[in-house]
Each structure stands twice: as C-alpha cells, then as structure tokens.
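Novice: So that we are looking at the same thing, I have put the structure below in structure tokens.
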Amino acid sequence: MGHDVDHSGEVEHVSGSVLWANLHLLFWLSLFPFTTAWMGENQLATIPTAIYGFVLLMAAIAFYVLERAIIAKEGRDSLLAQAIGRDWKGKLSPVIYFVAIPLAFVSPWISSGLYVFGALLWLIPDPRIERKLENRKE
C-alpha cells in the first residue's frame, strides 16, 4: 500500500468516519439557503438571525470534525495537518458564531456584523496548503 494522498494533496482513500464527517458538513451547508432567505425575508428578526448563527456554528464544528477525521486517517504528519498548523481561523470562527447567537436577542444587527466578520476572515486567501503542496513537489 502506498500513500493515501497523491501529490495534488487530495485524499484518495477515505474511511467511514471521513465519509460521515463529510455528510455531516454537507447537511449543515444545505441549510444555508433556507436560513439566509428566512433571515432576509424577516429583515433580520431575532429568531431567524439566531438560527442562522446556529447553522453557521454547526457548519464550523462539522468542518472541524471533518478536518480531524482526515488527519486521523492520514496521520499527524500529513499534508493537511502540516498546512493547517494552529488553525486560528478554524478556532476563531465558531467562537464568533457562539457569541453572535445570543447577541441576536440584543441586536440582530450586531450578530449580522459578526457573521460578516467571520465570513471576511475566510475571504483572505490562506497560502499554507498551497505552500505545503509546492514544498512537497520539490
């Protein structure tokens, strides 16, 4: 048996736990259109804004679980484990969402601002994985 990761960094073989973690993430991601529309239709009403934050939080947790499942399959020396390092974005995002959910009952606008801030964190490109791929090719 060779490596489970090809040189592109994509996982070639997955375990049942990776498949379940991926399905878990996809479930929460599938709720985004509904919760986004509900929040928009109700002009940032408290309950839809809080539930939107809950879906964001659950997707962030599911993403973390998927990362950990892949690392458990590939090993602590895997490309993913090396590339994510301390994973400050992955740790900060759930905290932002967790704080924003109860704030929706104080001010849905503050919660929405925190949700936007959490999204903007991820818009900044993270060159770690690409750098690790380039180093691995050498």
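Novice: Go through the range 15-70 and count every residue that is among the aromatic types (Phe, Trp, Tyr) and buried (at least 17 other Cβ atoms within 10 Å of the Cβ).
Specialist: 5
Novice: How do the pairs read when you match residues in the range 91-102 that are open to solvent by 30 Å² or more (accessible area, probe 1.4 Å) with residues anywhere that are at pLDDT below 95 and assigned to a helix (DSSP H, G or I), using Cβ under 7 Å and keeping only pairs 6 or more apart or on different chains?
Specialist: Listed by first residue and then by second, the contacts come to Leu92/Leu121.
The values are calculated or read from the model by the stated rules, or taken from the named source; none is laboratory data. Source: prediction; values computed, not measured. Here the Cβ is made from the backbone with ideal geometry for all residues, glycine too, and neighbour counts use every protein chain on show. Accessible surface is based on the protein model in full, side chains and every heavy atom, while ligands, DNA and RNA are left aside. Shrake-Rupley method; radii C 1.70, N 1.55, O 1.52, S 1.80 Å.
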